[in-house]
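The values are calculated or read from the model by the stated rules, or taken from the named source; none is laboratory data. Predicted model, so just to flag it, every value in this text is computed and none were measured. So basically every Cβ, Gly included, is an ideal-geometry build from the backbone, and we count neighbours across all protein chains shown.
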Amino acid sequence: MVSERRNLSRRIFSYYMRVFDEVTGEVIGHLADISTSGFKIDSKKPIPPNAQFVLRIENTGQLGEKDFVTFAACSRWCNRDEYHTSMYNAGFQLTNIEENDYHIFLKMFDEYGVQKAGYS
């Protein structure tokens, strides 16, 4: 499901949404950009690359029947933010998501993803 939509570009995320570790309940960051197969977060802590997570994004009620989505994702990379050096940017790839939650994720991409020139 996810891999068939990888041809769509990533978009800057224009709405503040926190990303939670479903296991610990901790906020690990907030969405910075989104694609149909993954996303980037801004985080106060470094995220280990190639780690598996079960994550939750809340406040999605306006996009679907649920107030949150949960999914499995793998961290792919993490770098210190070049402008805000106390923050980190981390990229995630979706690895498992229920179909209903994926529809909400796609609505997040469509509704809150802003395409900027030269950003893909």
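Could you check L63 against (1) within 20 Å of Y16 (Cα to Cα); (2) hydrophobic (A, V, I, L, M, F, W, C); (3) assigned to a strand (DSSP E or B); (4) more than 12 Å from the chain's Cα centre (by Cα) and say which number it fails?
(3)
Is it true that some residue in the range 73-82 is at pLDDT below 95, more than 13 Å from the chain's Cα centre (by Cα) and outside any strand (DSSP E or B)? Before you say what the answer is, go through the steps one by one.
Let us first name the residues in the range 73-82 that are at pLDDT below 95, namely 81-82.
Retained after the next criterion (residues that are more than 13 Å from the chain's Cα centre (by Cα)): 81-82.
So of that shortlist, the ones also outside any strand (DSSP E or B) come out as 81-82.
Yes: one or more hits.
Please tell me if K40 is in a loop (DSSP other than H, G, I, E, B) and touching a strand residue (DSSP E or B) at 6+ places or on another chain (Cβ under 8 Å). Please lay out each step first, then the result.
On the way: in a loop (DSSP other than H, G, I, E, B): no; touching a strand residue (DSSP E or B) at 6+ places or on another chain (Cβ under 8 Å): yes.
No: the conditions fail for K40.
Looking at F53, F109, can you tell me which residue is aromatic (F, W, Y), out of contact with any Cys (no Cβ under 6 Å at 6 or more places or on another chain) and touching a residue at least 40 places away in the same chain (Cβ under 8 Å)?
Answer to the check: F109.
Keeping to the range 52-72, report how many residues are of a type in the set (A, V, I, L, M, F, W, C) and at pLDDT below 90.
The number of residues fulfilling the criteria is 1.
Are any residues in the range 56-68 closer than 17 Å to D33 by Cα and without any contact (Cβ under 8 Å) to a residue 40 or more places away in the chain, and if so, which ones?
Passing the criteria: only R56.
I want to confirm something. Restricting to the range 1-37 and keeping residues that are in a loop (DSSP other than H, G, I, E, B), within 13 Å of the chain's Cα centre (by Cα) and within 17 Å of D101 (Cβ to Cβ), which single residue is modelled with the highest pLDDT? Before you say what the answer is, go through the steps one by one.
Kept after step one, since they are in a loop (DSSP other than H, G, I, E, B), are these residues of the range 1-37: 1-2, 6-10, 14-17, 22-26, 35-37.
Then drop every residue that is not within 13 Å of the chain's Cα centre (by Cα), which leaves 10, 14-17, 35-37.
After this cut, where a residue has to be within 17 Å of D101 (Cβ to Cβ) as well, the list is 17, 35-37.
Details: M17: 87, S35: 86, T36: 86, S37: 90.
Across the range 1-37, the extreme among qualifying residues is S37.
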